[in-house]
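This report concerns only the one structure given below.
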Amino acid sequence: MNPLYALLLLSDPTITTSPDDLTAVVGQTLTVESVVSSDRPGIAHLNVASLDGVYVDLEDWSQEVTKAVPAHETQLEWEFQAVNPGRFVVYVVLIPEHGSLVAGPPVHVTVARRETLDTGSAVPVAIAVPALLGALTVIGRVRMGRRDSGRNS
Amino acid sequence: MTRVIAGQECRDLWIGGRGPVLVFGFSVLLSAMTYLAATNRAMNFLEQREAVNLTVQVALAVGVLLTVVVSADAISGERERGTFEALLLTPVPRRAIIVGKLIAATTMWLACVVVTIPYLWVLGRGVAGVGPAVLLALTVGTLVATGLGGIGLLFSAGANSNKTSLAGGLLLLLVLFAPTQLPALPKTGVGEVITRINPIGSALHYVSQILVSQRNWTHDLSYLASPVLIALLVTGVVIVAGPRLVRLTAGLK
């Protein structure tokens, strides 16, 4: 068979993803499943984009963002952690050996803020600990000085 | 007898000694770090875990530095101040003197751990980082502090002057700490060997793998071989060679 003709017979790769929407709080681990159907092997890549203009460091969100995809239908499971609050879109892109990229449908992820670090409790600790230690140091020095002067007199 | 010496050395260090001043300086450093982290509005969930890890690492580095400073002064300092003769005249085994001084120097590290706890509590709340961070500081940090504090004590016993002993201890720490600042060191073959044989580098790597990468405690346990080995070896040398090291003049004769 003519290789060019065989290439035309190959169907376009498709990607389906589930679920369509996810909600989470910061720090929660989420899972998205995708099914990649392709006649040729390629590489599937997970991407995260912010809809609020927040900078997304993909390395923070997921340890594994690329997976090899053999020919035919492959089911992939993507685990990621919501590290920023806001509205995001998670999607899978197939990078085939030949031809253009194929993007899957977006999964809308809404991440609610969770206050884990507040200045209100940090400032008292940042002031109280050195103040307490400083006071104990001064008291110790004064008591030592009095004891020494008592011995000398 | 070791307990008596350790108790006396602890009193000398903590009641009217340098201990409280050094720990006060240590707390000021941690306060500045905690304030900067807590007021950083752009910090995300993972970066907060990294802030806990950074606090443990700074506590370990500075706490061990203070331990080495105390231990490097323990014998050579007493020789220079002229107080060592009186100690040698007491009916106490010389092994008890050197082991007691090592125990007293290690209390400097334990005090640093206690001071670090409130800062770890502030930074680690909500990211499940407080308990593991305190436990890691206590276990891994104590191993490193005992090993390097013991080396500082051996420097102190062998040095003719206090300046030489302190300089030797600080140089050792600098040499061990510098490779930990090289980027991606454990990811190369040679780099991993350097990290594994360096007690500070391997301890910091182990801590970050648990606190930031959320690895299991047993996953990178082999990285603790160097801190454990050095702590055991140095303690063994201090106990075995102690009587010959505790002398009015420096060096083995």
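Numbers at a glance
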{"item": "Residue within segment A:84-107 that is in a loop (DSSP other than H, G, I, E, B), aromatic (Phe, Trp, Tyr) and under 30 Å from residue B:51 (Cα atoms) present", "result": "no"}
{"item": "Test: residue in segment B:112-130 that is within 14 Å of chain A (Cβ to nearest Cβ), among the hydroxyl-bearing types (Ser, Thr, Tyr), crowded, with 24+ Cβ neighbours inside 10 Å and within 18 Å of the chain's Cα centre (by Cα)", "result": "yes"}
{"item": "Selection within segment B:74-90 - over 13 Å from residue B:106 (Cα atoms), touching a helix residue (DSSP H, G or I) at 6+ places or on another chain (Cβ under 7 Å) and in a helix (DSSP H, G or I)", "result": "B:76, B:77, B:78, B:80, B:84, B:87"}
{"item": "Matching helices (runs of 4 or more DSSP H) fully within segment B:126-228 where at least 1 residues are hydrophobic (A, V, I, L, M, F, W, C) and over 22 Å from residue B:63 (Cβ atoms)", "result": "B:130-158, B:189-197"}
{"item": "Sole exception among (1) in a helix (DSSP H, G or I); (2) more than 8 Å from every other protein chain (Cβ to nearest Cβ) for residue B:32, by number", "result": "(2)"}
{"item": "Only listed residue being facing chain B (nearest Cβ under 8 Å) and out of contact with any Pro (no Cβ under 9 Å at 6 or more places or on another chain), chosen from A:63, A:81, A:75", "result": "A:81"}
{"item": "Tally, over segment B:65-83, of residues that are free of Cβ contacts under 8 Å to residues at least 24 places away in the same chain and either surrounded by 23 or more Cβ atoms within 10 Å (Cβ to Cβ) or among the acidic types (Asp, Glu) (or both)", "result": "1"}
{"item": "Test: residue in segment A:107-114 that is of a type in the set (S, T, N, Q), modelled with pLDDT of 85 or more and closer than 18 Å to residue B:13 by Cβ", "result": "no"}
{"item": "Matching entry among B:62, B:52, B:23, B:58 (being over 13 Å from residue B:112 (Cα atoms) and touching a residue at least 24 places away in the same chain (Cβ under 8 Å))", "result": "B:52"}
{"item": "Any hit, segment A:57-73, residues being under 17 Å from the mean Cα position of the chain (by Cα), closer than 30 Å to residue B:120 by Cα, acidic (Asp, Glu) and part of a strand (DSSP E or B)", "result": "no"}
{"item": "Selection within segment B:9-29 - at the interface with chain A (Cβ under 7 Å from one of its Cβ atoms), in a helix (DSSP H, G or I) and of a type outside the set (A, V, I, L, M, F, W, C)", "result": "B:20, B:27"}
{"item": "First in segment A:127-141 and at the interface with chain B (Cβ under 7 Å from one of its Cβ atoms), second anywhere and of a type in the set (A, V, I, L, M), Cβ under 8 Å, 6 or more apart", "result": "A:129/B:30; A:129/B:115; A:130/B:28; A:133/B:23; A:133/B:115; A:137/B:21; A:140/B:15"}
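The values are calculated or read from the model by the stated rules, or taken from the named source; none is laboratory data. Note that the structure is predicted; figures quoted are calculated from it, not measured. Using ideal geometry, Cβ is built from the backbone for each residue, glycine included, and neighbour counts are taken over all protein chains shown.
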